[in-house]
Amino acid sequence: MPSVYIKTYGCQMNERDSEAVAAQLVAKGYSLAKSEATADVVLLNTCSVRDFAEQKAINKMQNIVGTARSEKRDQIVGFMGCMAQSRGQELIDKLPDVDLVLGTQKFHRAAEYLDELLAGTRKKIVDVAAEEKSEATIREHLLNGSAKTSVSAFVSIMQGCNQHCTFCIVPATRGEERSRTIPDIVAECRELVARGVREIILLGQIVTSFGKRDYPGLDGKSGFVQLLDAVHELDGLDRIRFTSPHPKGYGDDLVEAYARLPKLCESAHIPLQSGSDRILKLMHRGYSREKFLGIVGKLRRAKPGIGITTDIIVGFPGETEEDFELTLSLCREVQFDNAYIFKYSPRRDTPAAEMPDQVPQTIREERNERLLNLVNEIAAKKYDAFIGRQVEILVEGPSKKNAARYTGRTRCNRIVLFDGSTRHQGQLMEVKIERTGSFTLYGDPAVVNL
Ligand code: SAH
Ligand code: F3S
């Protein structure tokens, strides 16, 4: 049976899609190869959010086909996901060795297309068309039998985004918002819990828009909060998280859900993008600086100790030094637990790419550096504040870097390393934090008598 190697770029949605494609191929008799060098099929699941991510996947593909050629190996190679969707046939024109280009609504056809390519009945396949109900076509999660159940699982609840932020390519690569139904999602979560999963992370490009059409407000609760309520009912589930929300989705119903639902972890990743109202408007974000600050305040009142992280873009077209300083001052005011900072990258067919006053690369880099210094300084202080505290962690398993160490996460989503063993795997346990590393806490379970 042919073997396949899948390499994933980009966000958790992509990781989730790769897992689903792998599960589909294994179910059809494929095996999973340990490396691209030994695989009959190599698929790159791509990201388009910034140019850098696209270039990485293109370079990787050039390497793979170059090596296969020089070693005279027959290998089927393909791009799937976001860059496949946005570039389509152009990828084969550029890299003629590529056999398959599979768009974001076509993952469920992967096995069928690979069978045809391997059998030689078709030579090249490009399929990036839209597909009705594609959000429900793939849900098989865990590799049948072969993979050990992890304690934490991603569940895709919706796809696409209608917000059309002027810098963002996602609405083009992922299409219009489509939500799964609540019973369908709950059934998948129930099955995962039955297999030993204790934490579920609900995924989507803009999860707070979940079910806007099919689940209109009920008792003041949005479709998304109705979904949280339904998932929360599951016995055996300990923790619920979600990503990514949009600030406009933080109505009182969601804030109140944090206070009301004990399984909903006190952590929130709320993309800010800019601290300047003028830039937020140009970005078409749909909220103001004041509104954002209001949300953070409400969340912290509802759940003291909530971990708040964000995404910020520096060097958006037209961003002046004053605008940038407003972002710095907002970060000082909010004191984010962490922030992911991105240098603006013009994306094809997005309005921002055509805007006047594009910011020179050197200034984007300089602002990136200044903001990173501030964010890291605040984050380090926040990490240090954990020293001496006792926290609950959910243990995920041995650390990748050092197998004698185990890793878990606090409810506020911080990674904790401790000297553990298999008996800790999948457990909720208390540890005392002894010291900090870079974006890591080191804990000691012994001191709390486990
Ligand atoms: N809501 C989506 C956003 C995806 S993009 C999600 O999190 O799934 C993730 C982050 O990349 C965005 O929040 C934004 O900060 C950044 N980003 C998106 N487009 C960008 C661009 N053109 N240039 C630089 N950063 C960008
Ligand atoms: Fe992109 Fe804005 Fe949607 S960042 S994913 S268009 S909320």
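Taken together, the values in this text are just the output of simple stated rules run on the coordinates, not laboratory data. The structure displayed is predicted, hence computed values, not measured ones. Backbone-built Cβ (ideal geometry, glycine too); neighbour counts: all protein chains shown.
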> F324 fails exactly one of the following numbered conditions: (1) among the aromatic types (F, W, Y); (2) touching a residue at least 40 places away in the same chain (Cβ under 8 Å); (3) within 16 Å of ligand 2 (Cβ to nearest atom). What is the number of that condition?
Replying inline: (3)
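Tell me yes or no: at least one residue of segment 397-404 is over 26 Å from the mean Cα position of the chain (by Cα), of a type outside the set (V, I, T) and not in a helix (DSSP H, G or I). Let's see the steps before the verdict.
Of segment 397-404, the ones over 26 Å from the mean Cα position of the chain (by Cα) are 404.
Restricting the remaining residues to those that are of a type outside the set (V, I, T) gives 404.
Cutting the leftovers down to not in a helix (DSSP H, G or I) gives us 404.
Yes, that holds for at least one residue.
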> Looking only at segment 217-253, which residues are touching a Phe, Trp or Tyr at 6+ places or on another chain (Cβ under 7 Å) and hydrophobic (A, V, I, L, M, F, W, C)?
Replying inline: F224, L227
> Just one of P171, P216 is surrounded by fewer than 21 Cβ atoms within 10 Å (Cβ to Cβ), without any contact (Cβ under 8 Å) to a residue 12 or more places away in the chain and either assigned to a helix (DSSP H, G or I) or within 16 Å of ligand 2 (Cβ to nearest atom) (or both); which is it?
Replying inline: P171
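Looking only at segment 174-189, count every residue that is within 14 Å of ligand 2 (Cβ to nearest atom) and without any contact (Cβ under 8 Å) to a residue 60 or more places away in the chain and tell me the total.
Looking only at segment 174-189, we keep the residues that are within 14 Å of ligand 2 (Cβ to nearest atom), and these are 174-178.
After this cut, where a residue has to be without any contact (Cβ under 8 Å) to a residue 60 or more places away in the chain as well, the list is 176-178.
Residues flagged as within 14 Å of ligand 2 (Cβ to nearest atom) and without any contact (Cβ under 8 Å) to a residue 60 or more places away in the chain within segment 174-189 amount to 3.
What do you reckon, is L328 surrounded by 15 or more Cβ atoms within 10 Å (Cβ to Cβ) and farther than 22 Å from E365 by Cα?
Values: surrounded by 15 or more Cβ atoms within 10 Å (Cβ to Cβ): yes; farther than 22 Å from E365 by Cα: no.
Spelling it out, it is not the case that L328 is surrounded by 15 or more Cβ atoms within 10 Å (Cβ to Cβ) and farther than 22 Å from E365 by Cα.
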>> Among the residues in segment 197-213, are any outside any helix (DSSP H, G or I), free of Cβ contacts under 8 Å to residues at least 40 places away in the same chain and either polar (S, T, N, Q) or away from ligand 1 (no atom under 16 Å from the Cβ) (or both)?
In response: yes
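Here is a yes/no grid of residues against (1) within 12 Å of ligand 1 (Cβ to nearest atom); (2) aromatic (F, W, Y); (3) farther than 24 Å from E266 by Cα:
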{"site": "G160", "(1), (2), (3)": "yes, no, yes"}
{"site": "Q163", "(1), (2), (3)": "yes, no, yes"}
{"site": "A172", "(1), (2), (3)": "yes, no, yes"}
{"site": "R178", "(1), (2), (3)": "no, no, yes"}
{"site": "T181", "(1), (2), (3)": "no, no, yes"}
{"site": "V186", "(1), (2), (3)": "no, no, no"}
{"site": "R190", "(1), (2), (3)": "no, no, no"}
{"site": "A194", "(1), (2), (3)": "no, no, yes"}
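Residue-wise test of (1) surrounded by fewer than 21 Cβ atoms within 10 Å (Cβ to Cβ); (2) touching a residue at least 60 places away in the same chain (Cβ under 8 Å).
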position	(1), (2)
A39	no, no
E54	no, no
M61	no, no
G81	no, yes
L102	no, no
E112	yes, no
D127	yes, no
>> Which condition from (1) in a loop (DSSP other than H, G, I, E, B); (2) within 15 Å of ligand 2 (Cβ to nearest atom); (3) more than 17 Å from the chain's Cα centre (by Cα) is the one that P245 breaks?
In response: (3)
>> Just the residues that are more than 11 Å from V334 (Cβ to Cβ) and part of a helix (DSSP H, G or I), please, taken from segment 287-313.
In response: E290, K291, G294, K298, R301, A302
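So for segment 224-232 (the condition being free of Cβ contacts under 8 Å to residues at least 40 places away in the same chain, within 16 Å of ligand 1 (Cβ to nearest atom) and in a helix (DSSP H, G or I)), does at least one residue qualify?
Of the residues in segment 224-232, the ones free of Cβ contacts under 8 Å to residues at least 40 places away in the same chain are 224-225, 228-229, 232.
With within 16 Å of ligand 1 (Cβ to nearest atom) added as a condition, the list becomes 224.
Those still in the list that are in a helix (DSSP H, G or I) too: 224.
Yes, some residue in segment 224-232 is free of Cβ contacts under 8 Å to residues at least 40 places away in the same chain, within 16 Å of ligand 1 (Cβ to nearest atom) and in a helix (DSSP H, G or I).
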> Pairs under 6 Å by beta carbon, first residue among the charged types (D, E, K, R) in segment 259-271, partner part of a helix (DSSP H, G or I), six or more apart or different chains?
Replying inline: K263/H232
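Scan segment 318-327 and give yes if some residue there is aromatic (F, W, Y), under 16 Å from V359 (Cβ atoms) and in contact with a strand residue (DSSP E or B) (Cβ under 8 Å, 6 or more places away or on another chain), otherwise no. Quick ask: steps written out before the conclusion?
Step one: filter segment 318-327 for residues aromatic (F, W, Y), giving 324.
When the remaining residues are screened for being under 16 Å from V359 (Cβ atoms), the result is 324.
With in contact with a strand residue (DSSP E or B) (Cβ under 8 Å, 6 or more places away or on another chain) added as a condition, the list becomes 324.
Checking segment 318-327: at least one residue is aromatic (F, W, Y), under 16 Å from V359 (Cβ atoms) and in contact with a strand residue (DSSP E or B) (Cβ under 8 Å, 6 or more places away or on another chain).
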